């Protein structure tokens, strides 16, 4: 049987006072399973306080070259909060765009236009993403212990718990002096 | 822009050290090569659970049991990281897994060898994961963003896999004659399959040139294999053990351990499905896939109902 999955962008927040950062994508039938996959794929080990999943179709993504072609149509849609994310610099990194703030608008395009105005002090931006806050699914604070804490408690999963360097050096030394 | 200009810009980006991201333009061949590599890699992680999973219930103490459970669970996790990375290129996880179950997809041949004693748990960690880390550390610098980031996460976890195995080998080497004998036997069985993990010699590898040009790989099979042999042989000798290669010698001029001929007939036999455990491994995967069918069916049925407003 063939299933059609939806593509979700995953944002990870390492600590409570850190920004959410895009870490990659998962494919899943719905946002609940997407959140579960996101936990298994992006937060089995590293620090994590909060995860967001957002269906890719709900995100307007524009590179800096595409900004000129931005057309904002009049809309009767109600205003709502949009989240704004940017990628600055072209260096290789573990993350893609980073969440920098919010704007209020009645469409994706209007939100991006507003973001360009509000965050115009941002230097070296070359990718912009905007999406409505309502498109975000995130873990509950009460699930933090279940989802993310066990990863930090298993010391035996840390390479530094194993003693191989010194014993090997000692054995080689004994051999050489024998 | 013409296709040619796009290709030129793409190759310039790679030369500058930029990462290629899922939405970016890329040649079809680059996409295909990546899907092939990433999915084979994912399958290897998933099948790689089996030789070690078999020993979880036979671990000699609780510490070793927790380590082994955690390690096998990590391999499952790594498979997931990689399937999701392959999906970012437009492949479907379901199709990739079906190709594995049908015997159409390849995976690391080393997992078609049996794990016969407890010492294999140490030697798989030290040799097999040690060889895998060489390859994965290189792939962590790959030009495709999601693959390279998956590799960075995987390498951080593989460090634990390799070191727990190496620690076990060092202890057994200093243990009773029986333990030393068991360890030497395991090294004898896993040495050549580990050396073969790096793939064909550079002169025979048809994909290498393209993978190097596009920054998917940054070192050749033989370069990585030589690094591995140079690191492992002196340490195995230091433990008073040997590798099963009567021709191996240290070449002062190149400062390399020069190994004897690799049995490529055996390599191809195993790749083609005639290794000691190919059938057993695929049968176990098929069984697991069938056993999980109801879960896939249930989560999709739930998602459909929710989309229709039939559940809260």
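What follows draws every value from the coordinates through simple rules; no lab data is involved. Just so you know, these numbers come straight off a predicted model, no measurement behind them. As a convention, Cβ positions derive from the backbone with ideal geometry for all residues, glycine included, and neighbour counts pool all protein chains shown.
Can you put A:21, B:28 in order of Cβ neighbours within 10 angstrom, beginning with the fewest?
Details: A:21 20, B:28 7.
Lowest count first: B:28, A:21.
Let me know the volume per residue of the alpha-carbon convex hull for segment B:110-233, in Å³.
On the way: hull volume 12.5 nm³, N = 124.
That works out to 101 Å³ per residue.
Rg and Dmax of segment A:16-82, Cα atoms, in Å?
15.8, 46
Report the Cα-based extents of segment A:85-125 along its three principal axes, largest first, to the nearest Å.
Principal-axis extents of the Cα atoms in segment A:85-125, largest first: 34, 18, 14 Å.
Which FRET efficiency value, to the nearest 0.05, is calculated for residue B:203 and residue A:73 with the Förster distance at 60 angstrom and r the Cβ-Cβ distance?
On the way: r = 60 Å, r/R0 = 1.00.
Approximately 0.50, to the nearest 0.05.
Would you compute, from DSSP H runs of 4+ residues alone, the mean residue ellipticity of the protein assembly as shown at 222 nm, taking -39500 (n - 2.57) per run and dividing by the full residue count, rounded to the nearest 500?
Helix-only estimate at 222 nm: -15500 deg cm²/dmol.
How far, in degrees from 0 to 90, does helix A:31-42 lean away from the longest principal axis of the Cα atoms of chain A, to the nearest 10?
The angle comes out at about 40 degrees.
To the nearest 0.05, what FRET efficiency results for residue B:2 and residue A:66 with a Förster distance of 22 Å applied to their C-beta separation? Spell out each step's value before the answer.
Numbers: r = 19 Å, r/R0 = 0.88.
The formula returns an efficiency of 0.70 here.
With contacts defined as alpha carbon pairs under 8 Å and 6 or more residues apart, what's the relative contact order of segment A:43-167 in percent? Let's see the in-between values first.
Details: 169 pairs, mean separation 46.2, N = 125.
Value for segment A:43-167: 37 percent.
Based on the Kirkwood radius over alpha-carbon pairs, what is the Stokes-Einstein translational diffusion coefficient of segment B:157-228 at 4 °C with 1.567 mPa s viscosity, in µm²/s? Working shown, then result.
Working: Rh = 14.6 Å.
D = 89 µm²/s.
Where the centroid of each part is defined by its Cα atoms, how far is segment A:20-48 from segment A:132-171 in Å?
So the two Cα centres are separated by 15 Å.
Over segment B:232-299, what number does the Rg to Rh ratio reach, with both radii from the alpha-carbon atoms and Rh per Kirkwood?
On the way: Rg = 21.0 Å, Rh = 16.2 Å.
With Rh from the inverse mean 1/r over Cα pairs, Rg/Rh is 1.30.
Over segment A:48-165, what lengths in whole Å, largest first, do the semi-axes of the equivalent ellipsoid take, defined as the square roots of 5 times the eigenvalues of the alpha-carbon gyration tensor?
Working: eigenvalues 264, 77, 20 Å².
Semi-axis lengths for segment A:48-165 are 36, 20, 10 Å.
Working only with C-alpha atoms, what are the Rg and Dmax values of the protein assembly as shown, expressed in angstrom?
Values for the protein assembly as shown (Cα only, Rg and Dmax): 24.8, 87 Å.
Along the Cα→Cβ direction, 7 angstrom out, place labels at residue B:262 and residue A:57. What is the inter-label distance in nm?
With each label point 7 Å from Cα toward Cβ, the separation is 4.7 nm.
Quick one: work out Rg over Rh on the C-alpha atoms of segment B:17-170, Rh as Kirkwood radius. Provide the component values of the computation, followed by the final result.
Details: Rg = 16.2 Å, Rh = 16.2 Å.
With Rg and the Kirkwood Rh in hand, the quotient comes to 1.00.
Starting from the Cα of residue A:15, step 7 Å along the direction of its Cβ; do the same at residue B:290; then give the gap between the two resulting points in nm.
5.1 nm
Say each of residue A:88 and residue A:117 gets a label point 7 Å from the Cα, pointing the same way as Cα to Cβ; how far apart are those two points in nm?
For the pair residue A:88/residue A:117, the computed spacing is 2.2 nm.
Subtract the Cα-Cα distance of residue A:142 and residue A:170 from 0.36 nm times their separation in residues, and report this length gain in nm to one decimal.
Values: separation 28, 0.36 × 28 = 10.08 nm, distance 4.87 nm.
Using 0.36 nm per residue and subtracting the Cα-Cα distance, I get 5.2 nm.
Multiply the residue gap between residue B:56 and residue B:21 by 0.36 nm, knock off their C-alpha separation, and tell me the result in nm, one decimal place.
Here the segment from residue B:56 to residue B:21 would lengthen by 8.7 nm.
Largest first and in whole Å, give the semi-axes of segment A:118-178's equivalent ellipsoid, each being the square root of 5 times a Cα gyration tensor eigenvalue.
On the way: eigenvalues 503, 113, 11 Å².
Output for segment A:118-178: semi-axes of 50, 24, 7 Å.
Summarise the partner chain shielding of B:139-151 as one whole number: the mean count of Cβ atoms from other chains within 10 Å of each residue's Cβ. Could the numbers behind the result be given before it?
Details: counts 0, 0, 1, 0, 1, 0, 6, 4, 0, 2, 8, 3, 0.
Shielding by partners across B:139-151 averages 2.
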